[in-house]
Amino acid sequence: MLISIVYVTKRPGGYDILFNCLKNQVYQNYELIIVDDVLDERKDKILEYAKELGIKLKITTKSKKKTFADDIDGTITENG
């Protein structure tokens, strides 16, 4: 069974702890999805570190700001 791990962050730290924990796991059938608001500044370093440790990094992306509209149907509108 494939397990999806979603890591959402807006802070600069934490990747070393996450990657080392994943490296030491016995169960290796996972995919790692990273959502990081400042990804552009550190994407290359993250990809290199994940490769060094053999981490199966599937997706890196930035989050999108969203708000709920005040109307009754709960429509989500995106802030520009």
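Summary of computed values
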read-out	value
Meets criteria (among the hydrophobic types (A, V, I, L, M, F, W, C), surrounded by 10 or more Cβ atoms within 10 Å (Cβ to Cβ) and not in a helix (DSSP H, G or I)) for Leu32	yes
Selection from the stretch 1-29 of residues that are assigned to a helix (DSSP H, G or I) and of a type outside the set (Phe, Trp, Tyr)	Asp16, Ile17, Leu18, Asn20, Cys21, Leu22, Lys23
Residues that are at pLDDT 80 or above and open to solvent by 100 Å² or more (accessible area, probe 1.4 Å), drawn from the stretch 35-57	Asp44, Lys45, Glu48, Lys51, Glu52
Residue match in the stretch 60-67 (condition: in contact (Cβ under 8 Å) with a residue 24 or more places away in the chain, of a type in the set (Val, Ile, Thr) and either surrounded by 11 or more Cβ atoms within 10 Å (Cβ to Cβ) or not in a loop (DSSP other than H, G, I, E, B) (or both))	yes
Pairs with Cβ under 8 Å, 6+ apart, first in the stretch 19-39 and over 16 Å from Leu53 (Cα atoms), second assigned to a loop (DSSP other than H, G, I, E, B) and of a type in the set (S, T, N, Q)	Val35/Ser63; Asp36/Ser63; Asp37/Ser63
Subset of the stretch 1-17 (residues that are in contact (Cβ under 8 Å) with a residue 12 or more places away in the chain and open to solvent by 30 Å² or more (accessible area, probe 1.4 Å))	Met1, Leu2, Ile3, Ser4, Ile5, Val6, Tyr7, Val8, Lys10, Pro12, Asp16
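The values are calculated or read from the model by the stated rules, or taken from the named source; none is laboratory data. No experiment lies behind these values; they were computed from the predicted model shown. Glycine gets a Cβ as well: all are built from the backbone with ideal geometry, and neighbour counts include every protein chain shown. Side chains included, ligands, DNA and RNA excluded: accessible areas come from the protein's heavy atoms. Shrake-Rupley method; radii C 1.70, N 1.55, O 1.52, S 1.80 Å.
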